[in-house]
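A.B. asks: Okay, handing you the structure first.
The values are calculated or read from the model by the stated rules, or taken from the named source; none is laboratory data. Just so it is clear, the structure is predicted and the values come from calculations on it, not from any experiment. Reconstructed Cβ throughout: ideal geometry from the backbone, glycine too, with neighbour counts over all protein chains shown. What goes into the accessible areas is simple: the full protein's heavy atoms, side chains included, and nothing from ligands, DNA or RNA. Shrake-Rupley method; radii C 1.70, N 1.55, O 1.52, S 1.80 Å.
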Amino acid sequence: MAKVFLKPRRARPFWFGHPWIFSGAIGRVKGQLKNGCVTEVFDSEGRRIGEGFWNENSQIRVRLVALEAERPLDIDLLVKRIDRAIALRHDVLALPARTNAYRLVHAESDGLPGLVVDRIGDWLVVQLSALGMVPFLDLLLDHLEERLAPRGIVERASGAAEEEGLEREEGVLRGHAPGGPVEVEEDGVRFLCDPVTGQKTGFFSDQRENRRALSPLAKDRDVLDAFSYVGGFGLAMANAGAKSVRCVDSSEPALELLQRGIELNDVADRVTADKGNVLRVLDHDRKDGRTYDLVVLDPPKLVRKRSGLERGLGLYYEINLKAVRVLRPGGVLVTCSCSQHVTEEVFDEMLGSVAKEAEVRLQQIHRGGQAPDHPILLPHDEGRYLQCSAFRVLPQGRDA
Ligand code: SAH
């Protein structure tokens, strides 16, 4: 097996299991390395740290998979990690009792770099973002079929495919495709989603705990669910007794699924699905004097690379400012970011600027992150990406 030696003083995070070894940390290489192969990793003095996947196409040259005590990196190890991942969801978190839409495998965070597996009803949806996982995929799918007996396993593209040199096509890997939208249930709320044509893997289960924590705040309130997708927050809030829920999204297919979800939950008298650009909709609402008691902002990832941080923060600022301006005094702003590069500190600072500009005070009443089926395996802090905070929005002024 080829060997990778790190530069002096660059090995420290990897002894603790950090999985990403960037090109800058690599000193020299001994032997033949092929992209996607397994390699041993040593520090500069020749002490073995573990084994990982090599890929010269990627800035992440090695994805460390097995520390010394976990070696060798082979199919048996990966299968055990799949079992451990399933055990977290089924035995520790008891998710199947609450929902049939959850993340079974969360890549690095389950010791399976580059592999995401979501359960969507009776289907599994796979996303690959590491070349080194490809040679193991067939046996891992065999194991998933044996353990979970899905009606089909579907592959969806991942954002990282190009950088990794992954040539994969979307499609059915096992069994058959659902042949249309799939109904899933989460905490008693029904959703229609499409694992084959929907966004990402079809459903955003990472917001589950935030939906559960925040839905009660919607009771008897007028709600705007901005960036609603198939209605994750909106339908949960309607079921929790919201007086009215207006869902807004720019995606026609998402709104069609939402419309059917509205009917499934029998809330058509209180929930609407509007097509529009949230920024424009908020401008119109402000002009028309239309206001809400609670606004949910769950935009797509607005910062993809660290270099886009400033621009993305500008967008978060704009959306949040517009949202605050359509809230009634004392109303609640639920605001999210799924950009890994936007830390809590930076996000709060942006909200501080929003508060100043809008002349309000923001009183935090909820701070949440990704649901625990999207865990973070220390010290891989890059696995932390979702924030969901709620604030009571208080006007400035002594009589408010
Ligand atoms: N809140 C949802 C997930 C939102 S995903 C849930 O709980 O399931 C982000 C959504 O924003 C996507 O559905 C996408 O279609 C939508 N979107 C992206 N840009 C938009 C824009 N400018 N205006 C309205 N919707 C937008």
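A.B. asks: Among the residues of the stretch 134-156 satisfying the criterion of being open to solvent by 60 Å² or more (accessible area, probe 1.4 Å) and in contact (Cβ under 8 Å) with a residue 12 or more places away in the chain, which is nearest to Val79 (Cα to Cα)?
C.D. replies: Filtering the stretch 134-156 down to residues open to solvent by 60 Å² or more (accessible area, probe 1.4 Å) leaves 135, 138-139, 142, 145-147, 149, 151.
Among the residues that remain, those that are also in contact (Cβ under 8 Å) with a residue 12 or more places away in the chain are: 135, 139, 145, 147, 151.
Working: Pro135: 13, Leu139: 8, Glu145: 12, Arg147: 11, Arg151: 20 Å.
Across the stretch 134-156, the extreme among qualifying residues is Leu139.
A.B. asks: OK, next. Find the residue count for the stretch 247-266, including only residues that are free of Cβ contacts under 8 Å to residues at least 60 places away in the same chain and surrounded by fewer than 20 Cβ atoms within 10 Å (Cβ to Cβ).
C.D. replies: 8
A.B. asks: Can you find even one residue in the stretch 327-346 that is assigned to a helix (DSSP H, G or I), within 28 Å of Ser205 (Cβ to Cβ) and not aliphatic (A, V, I, L, M)? First the steps, then the outcome.
C.D. replies: The initial filter retains those residues of the stretch 327-346 that are assigned to a helix (DSSP H, G or I), namely 344-346.
Add one more test, that the residue is within 28 Å of Ser205 (Cβ to Cβ), and what stays is 344-346.
Filter again for not aliphatic (A, V, I, L, M), leaving 344-345.
Yes, because at least one residue in the stretch 327-346 is assigned to a helix (DSSP H, G or I), within 28 Å of Ser205 (Cβ to Cβ) and not aliphatic (A, V, I, L, M).
A.B. asks: Could you give every pair whose Cβ atoms fall below 9 Å, whose first residue belongs to the stretch 271-294 and is farther than 16 Å from Ser244 by Cβ and among the polar types (S, T, N, Q), and whose second residue is in a strand (DSSP E or B) and within 13 Å of the ligand (Cβ to nearest atom), counting only separations of at least 6 or pairs across chains?
C.D. replies: Hits for this filter: Asn277/Val248.
A.B. asks: Right, something else. For the stretch 255-276, state whether one or more residues are in contact with a Phe, Trp or Tyr (Cβ under 6 Å, 6 or more places away or on another chain) and under 25 Å from Pro329 (Cα atoms). Show your work before the answer.
C.D. replies: Going residue by residue through the stretch 255-276, those that are in contact with a Phe, Trp or Tyr (Cβ under 6 Å, 6 or more places away or on another chain) are 261.
Applying the additional criterion that residues be under 25 Å from Pro329 (Cα atoms) yields none.
For the stretch 255-276, residues in contact with a Phe, Trp or Tyr (Cβ under 6 Å, 6 or more places away or on another chain) and under 25 Å from Pro329 (Cα atoms): absent.
A.B. asks: Please indicate, with yes or no, whether at least one residue in the stretch 201-216 is part of a loop (DSSP other than H, G, I, E, B) and more than 11 Å from the ligand (Cβ to nearest atom).
C.D. replies: First pass over the stretch 201-216, keeping only residues part of a loop (DSSP other than H, G, I, E, B): 201-204.
Narrowing the set further to residues that are more than 11 Å from the ligand (Cβ to nearest atom) leaves 201.
Yes.
A.B. asks: Exactly one of these conditions fails for Glu162: (1) within 23 Å of the chain's Cα centre (by Cα); (2) within 13 Å of the ligand (Cβ to nearest atom). Give me its number.
C.D. replies: (2)
A.B. asks: While we're here: Is there any pair linking a residue in the stretch 201-223 that is at positive phi and open to solvent by 10 Å² or more (accessible area, probe 1.4 Å) to one that is more than 10 Å from the ligand (Cβ to nearest atom) and part of a loop (DSSP other than H, G, I, E, B), with Cβ under 7 Å and at least six apart or on different chains, and which?
C.D. replies: From the stretch 201-223, the pairs are Asp220/Gly241; Asp220/Lys243.
A.B. asks: Out of (1) away from the ligand (no atom under 12 Å from the Cβ); (2) open to solvent by less than 30 Å² (accessible area, probe 1.4 Å), what's the single condition that is false for Arg290?
C.D. replies: (2)
A.B. asks: From Ala236, Ala240, which residue is touching a helix residue (DSSP H, G or I) at 6+ places or on another chain (Cβ under 8 Å), of a type in the set (A, V, I, L, M) and within 11 Å of the ligand (Cβ to nearest atom)? Before you say what the answer is, go through the steps one by one.
C.D. replies: Values: Ala240 fails: within 11 Å of the ligand (Cβ to nearest atom).
Step by step, each of Ala236, Ala240 is checked, and only Ala236 is touching a helix residue (DSSP H, G or I) at 6+ places or on another chain (Cβ under 8 Å), of a type in the set (A, V, I, L, M) and within 11 Å of the ligand (Cβ to nearest atom).
A.B. asks: Among the residues of the stretch 220-233, write down those that are closer than 20 Å to His284 by Cα and either near the ligand (Cβ under 9 Å from one of its atoms) or under 15 Å from the mean Cα position of the chain (by Cα) (or both). If you could, list the steps in order and put the result at the bottom.
C.D. replies: Within the stretch 220-233, the subset closer than 20 Å to His284 by Cα is 222-228.
Once the filter is applied, which keeps residues that are closer than 20 Å to His284 by Cα and either near the ligand (Cβ under 9 Å from one of its atoms) or under 15 Å from the mean Cα position of the chain (by Cα) (or both), the stretch 220-233 yields Asp225, Ala226, Phe227, Ser228.
A.B. asks: Just to be sure, is Leu327 more than 21 Å from the chain's Cα centre (by Cα), open to solvent by 10 Å² or more (accessible area, probe 1.4 Å) and touching a residue at least 40 places away in the same chain (Cβ under 8 Å)?
C.D. replies: Details: more than 21 Å from the chain's Cα centre (by Cα): yes; open to solvent by 10 Å² or more (accessible area, probe 1.4 Å): yes; touching a residue at least 40 places away in the same chain (Cβ under 8 Å): yes.
For Leu327, the condition - more than 21 Å from the chain's Cα centre (by Cα), open to solvent by 10 Å² or more (accessible area, probe 1.4 Å) and touching a residue at least 40 places away in the same chain (Cβ under 8 Å) - is met.
A.B. asks: Scan the stretch 369-381 for residues that are open to solvent by 10 Å² or more (accessible area, probe 1.4 Å) and farther than 13 Å from Gly17 by Cα and jot them down.
C.D. replies: The answer is Gly369, Gln370, Pro372, Pro375.
A.B. asks: In the stretch 170-181, is there at least one residue being open to solvent by 10 Å² or more (accessible area, probe 1.4 Å), farther than 28 Å from Asn55 by Cβ, of a type outside the set (Ser, Thr, Tyr) and within 15 Å of the ligand (Cβ to nearest atom)?
C.D. replies: Of all residues in the stretch 170-181, those open to solvent by 10 Å² or more (accessible area, probe 1.4 Å) come to 170-181.
Still in the list and also farther than 28 Å from Asn55 by Cβ: 175-181.
If we keep only those that are of a type outside the set (Ser, Thr, Tyr) as well, we get 175-181.
Next, only the ones that are within 15 Å of the ligand (Cβ to nearest atom) stay: 181.
Yes, there is a match, as at least one residue in the stretch 170-181 is open to solvent by 10 Å² or more (accessible area, probe 1.4 Å), farther than 28 Å from Asn55 by Cβ, of a type outside the set (Ser, Thr, Tyr) and within 15 Å of the ligand (Cβ to nearest atom).
A.B. asks: Follow-up. Pairs, please: C-beta under 7 Å, at least 6 apart or cross-chain, first residue over 20 Å from Val360 (Cβ atoms) and away from the ligand (no atom under 11 Å from the Cβ) and in the stretch 298-323, second in a helix (DSSP H, G or I) and open to solvent by 40 Å² or more (accessible area, probe 1.4 Å)?
C.D. replies: Val303/Leu309
A.B. asks: Quick one: which residue in Leu378, Leu302 is in contact with a helix residue (DSSP H, G or I) (Cβ under 6 Å, 6 or more places away or on another chain) and of a type in the set (A, V, I, L, M)? Even if it seems obvious, please write down each step before you answer.
C.D. replies: Numbers: Leu378 fails: in contact with a helix residue (DSSP H, G or I) (Cβ under 6 Å, 6 or more places away or on another chain).
Just one listed residue meets the conditions, Leu302.
A.B. asks: Continuing with the same structure: Filtering the stretch 1-55 down to residues that are among the charged types (D, E, K, R) and part of a loop (DSSP other than H, G, I, E, B), which residue is most open to solvent (accessible area, probe 1.4 Å)? Steps first, please.
C.D. replies: Here is the first cut: in the stretch 1-55, the ones among the charged types (D, E, K, R) are 3, 7, 9-10, 12, 28, 30, 34, 40, 43, 45, 47-48, 51.
Those still in the list that are part of a loop (DSSP other than H, G, I, E, B) too: 7, 9-10, 34, 43, 45, 47.
Details: Lys7: 82, Arg9: 219, Arg10: 105, Lys34: 151, Asp43: 9, Glu45: 138, Arg47: 125 Å².
For the stretch 1-55, the residue satisfying everything is Arg9.
A.B. asks: Tell me, yes or no, whether the stretch 127-134 has at least one residue that is under 20 Å from the mean Cα position of the chain (by Cα) and of a type outside the set (Gly, Ala, Ser). It would help to see each step written out before you state the result.
C.D. replies: Let us first name the residues in the stretch 127-134 that are under 20 Å from the mean Cα position of the chain (by Cα), namely 127-130.
Next cut, of a type outside the set (Gly, Ala, Ser) only: 127-128.
Yes, because at least one residue in the stretch 127-134 is under 20 Å from the mean Cα position of the chain (by Cα) and of a type outside the set (Gly, Ala, Ser).
A.B. asks: Something else now. Looking at the stretch 293-307, is at least one residue touching a Lys or Arg at 6+ places or on another chain (Cβ under 6 Å) and under 18 Å from Ser228 (Cα atoms)?
C.D. replies: We begin by selecting, within the stretch 293-307, every residue touching a Lys or Arg at 6+ places or on another chain (Cβ under 6 Å); these are 293-294.
Keeping just the survivors that are under 18 Å from Ser228 (Cα atoms) gives 293-294.
Yes, the conditions are met somewhere in the stretch 293-307.
A.B. asks: Among Leu78, Leu73, Leu64, which is within 18 Å of Glu164 (Cβ to Cβ), assigned to a loop (DSSP other than H, G, I, E, B) and modelled with pLDDT of 95 or more?
C.D. replies: Numbers: Leu78 fails: assigned to a loop (DSSP other than H, G, I, E, B); Leu64 fails: assigned to a loop (DSSP other than H, G, I, E, B).
Within the list Leu78, Leu73, Leu64, the selection yields Leu73.
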